[in-house]
Amino acid sequence: MEEKEQLETHEKERRDFLSCLGSVLVCGATAVAASAVSPQATAATPGVTPGSQPPAIPGYDWTEHRWAFGVDATKCIGCLRCVEACKKENDVPLDAHHFRTWVERYVTLEGEDTARIDSQADPVNIEASGSEVEYRFADRYKDAKVEKAFFVPKLCNQCTHPACVQVCPTGATYKTKDGVVLIDHTYCIGCQYCVQACPYGARYFDERRNVTDKCTWCYHRITKGLQPACVEVCPTGARIFGDRNDKQSPISQFIRDNQVQVLRRETGNAPNVFYVGIDKEVI
């Protein structure tokens, strides 16, 4: 009987502790998250407390820009130079399973209604490259009757209404005034709620630092007037980036001159990556 009473006491103490901890986390997360997304919040750089005034970037005004990204799938050749450049630029783990940006191949064979989809992380493609730190698409369809084939670059959509921001319990994920969603890794607790919430599979967990990570459109570059690394190295111009507030920017012209699409419009996230040349099977 004494052992049973001890177990019951221990369980009650555990529940009380978890309840108290949950209350503290919820209250703290609410305060931080509120400041991170409030109209007065001006946080725009990693490493800055969400909602606080960030250090000034010389010559850059967060309120003057509205960044957006374009992808022309008719021009992508699946060379994967974008993937390699992104990993080097942003210290992404050099393996076949962690990516800030990736490329998918869609192939429809004669007599089939559904496209076959693979990416550089596919085991057959890894084997073809000979290494997990090199990326290529295997020539697996060389003897097949291909009806249609194209490549689709993917990355964080920097949504206007990002689900990842809504579920982050600490305010580590926040949206800047110029439209980019960033992660303050000093606040990230590695819970991976944002990974689960993202409808585009654009986030990954970095085991080296026990935090989540994702594409930031190379925020450290674009705030200095440079292009994202993936855009800069693309040999065919399949990736387009720019400021929508500038009506003559490459992205403004791309959206204006093409019948663009966004992925998973039905989610209500309002993504800011615009595509041309994709089919309905691309989600």
Exercise for the section: Go through (1) within 30 Å of residue 106 (Cα to Cα); (2) surrounded by 19 or more Cβ atoms within 10 Å (Cβ to Cβ) one by one and return the number of the condition residue 175 breaks. Expected result: (1)
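Matching residues to (1) farther than 19 Å from residue 70 by Cα; (2) modelled with pLDDT under 95; (3) of a type in the set (A, V, I, L, M, F, W, C):
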| position | (1), (2), (3) |
| --- | --- |
| 169 | yes, no, no |
| 177 | yes, yes, no |
| 202 | no, no, yes |
| 221 | no, no, no |
| 239 | no, no, no |
| 247 | no, no, no |
| 250 | no, no, no |
| 254 | no, no, yes |
Practice task
Count, please, the residues in the stretch 244-276 that happen to be under 28 Å from residue 167 (Cα atoms) and not in a loop (DSSP other than H, G, I, E, B).
Solution key: 7
Fill in the blank from the handout: Checked 30, 9 against criteria (among the β-branched types (Val, Ile, Thr), more than 18 Å from the chain's Cα centre (by Cα), at pLDDT below 85 and more than 22 Å from residue 163 (Cα to Cα)); the one match is 9
Practice task
Mind listing whichever residues of the stretch 115-132 are in a loop (DSSP other than H, G, I, E, B) and of a type in the set (D, E, K, R)?
Solution key: 122, 132
Fill in the blank from the handout: Considering residues that are within 23 Å of residue 68 (Cα to Cα), out of contact with any Gly (no Cβ under 8 Å at 6 or more places or on another chain) and exposed (fewer than 15 other Cβ atoms within 10 Å of the Cβ), the number found within the stretch 121-167 is 1
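Hey, among the residues in the stretch 223-277 that are among the β-branched types (Val, Ile, Thr) and under 16 Å from the mean Cα position of the chain (by Cα), which one's nearest to residue 155 (Cα to Cα)? Steps first, please.
Residues of the stretch 223-277 among the β-branched types (Val, Ile, Thr): 223, 231, 233, 236, 240, 251, 255, 260, 262, 267, 273, 276.
Then drop every residue that is not under 16 Å from the mean Cα position of the chain (by Cα), which leaves 231, 262, 267, 273.
Working: 231: 12, 262: 12, 267: 17, 273: 8 Å.
Result: 273.
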Practice task
Scan 253, 192, 227, 248 and give me the residue that is of a type outside the set (Ser, Thr, Tyr), in contact with a helix residue (DSSP H, G or I) (Cβ under 9 Å, 6 or more places away or on another chain) and free of Cβ contacts under 8 Å to residues at least 24 places away in the same chain.
Solution key: 227
Practice task
Please state which of the following conditions residue 135 fails to meet, knowing it meets all the rest: (1) modelled with pLDDT of 95 or more; (2) assigned to a loop (DSSP other than H, G, I, E, B); (3) of a type in the set (Phe, Trp, Tyr).
Solution key: (1)
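The values are calculated or read from the model by the stated rules, or taken from the named source; none is laboratory data. Everything numeric here is computed off the predicted structure, so don't read it as measured data. Neighbour counts are summed over all protein chains in view; Cβ atoms, including those assigned to glycine, are modelled from backbone coordinates with ideal geometry.
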